[in-house]
Amino acid sequence: MTQPESVNPAAAAAPAPLDVSSLVVGVLGGTGDQGRGLAYRLAKAGQQVVIGSRTAERAAAAAEEIGLGVRGADNATCARESDIVIVAVPWDGHAATLAALREELAGKIVVDCVNPLGFDKQGAYALKPEEGSAAQQAAALLPDSRVTAAFHHLSAVLLQDASIEEIDTDVMVLGEDRAATETVQALAGRIPGMRGIFAGRLRNAHQVESLVANLISVNRRYKAHAGLRITDV
């Protein structure tokens, strides 16, 4: 008599992967290295992507260079036309950009990947915003949005390198809204080689943002493009 196949209880209880393939992803700061790289990777994975810039013309030019159906628009249009919006603007323009888009970003999942850093002759070092972190500043400026933090530790060089098929890294995702963080985790998982890992509430975002200063030191010493992996998860 044939024995039934054994079933791993943990595997049997695992939920089906969240389908985020239909979501339109906006990237504010999509003309910069990090934003452009994220836009490219997500579009290559089949996501609809709109990149935003202060001027629609600059965004359109960057979108044409990326291809893959990516569209360009001014920041306000990008925010309005997207379901989930990644903030990849320079730190010195972070507050002003988000304050101006409060209405357009209302009700949206906002993913802040900005790292407040300073640089001197000793290298990169972390800055601590008055609110505690860039993500917490975003949450304060966007009370009607579902603010999360993610995509901090990705190499812009690897993101934009078309010869690289997979990027070997985990993406730490933080936030207060469980459904929002799970959506961002699933979005990260759309990029081959990446995995989204829940890493706490927004009050823990500062140390995640700050870790980029350490990665910059690693990369300079070892001529690398280091990422992170979370073990035993």
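The amide H of PHE198, built 1.01 Å from its N in the peptide plane, has VAL173 as neighbours under 5 Å, considering only residues 5 or more places off or on other chains. The angle between the Cα long axis of helix 33-44 and the longest principal axis of the Cα atoms of the chain comes to about 40 degrees, rounded to the nearest 10.
Using a probe radius of 1.4 angstrom, the carbon and sulfur fraction of the accessible surface of the chain is 51%. Taken over the chain, the ratio of Cα radius of gyration to 2.2 N^0.38 Å equals 1.04. Placing unit charges on the Cβ atoms of the charged side chains and taking the dipole of the chain about its Cα centre, the candidate lying farthest along the positive direction among VAL49, THR181, ALA124 is ALA124. On a per residue basis, the convex hull of the C-alpha atoms belonging to the stretch 74-164 measures out at 120 Å³. Length available on full extension from SER163 to VAL218: 0.36 nm per residue minus the Cα-Cα distance, which gives 17.5 nm. For the chain, adding -39500 (n - 2.57) for each run of n ≥ 4 DSSP H residues and dividing by the number of residues yields -10500 deg cm²/dmol at 222 nm. Under a 5 Å amide H cut-off, with hydrogens placed 1.01 Å from N, VAL27 pairs with VAL50, ILE51, GLY52, ILE86 among residues at least 5 apart or on other chains. Between LEU142, LEU174, LEU101, the GNM of the chain built on Cα springs shorter than 10 angstrom shows LEU101 fluctuating the most. Amide H to amide H distances under 5 Å link VAL110 with VAL85, ARG146, VAL147, THR148, where only residues 5 or more positions off or on other chains count and H is placed in the peptide plane.
With R₀ set to 25 Å, the beta-carbon distance separating ASP33 from ASP120 gives a calculated FRET efficiency near 0.70. The label point for THR231 and the one for ASP19, both projected 7 Å from the Cα toward the Cβ, are 3.8 nm apart.
The values are calculated or read from the model by the stated rules, or taken from the named source; none is laboratory data. These numbers were taken from a predicted model, which means no experiment stands behind them. Heads up, the Cβs are rebuilt from the backbone with ideal geometry, glycines too, and the neighbour counts pull from every protein chain shown. Calculation scope for accessible area: heavy atoms of the full protein, side chains included, ligands and nucleic acids excluded. Shrake-Rupley method; radii C 1.70, N 1.55, O 1.52, S 1.80 Å.
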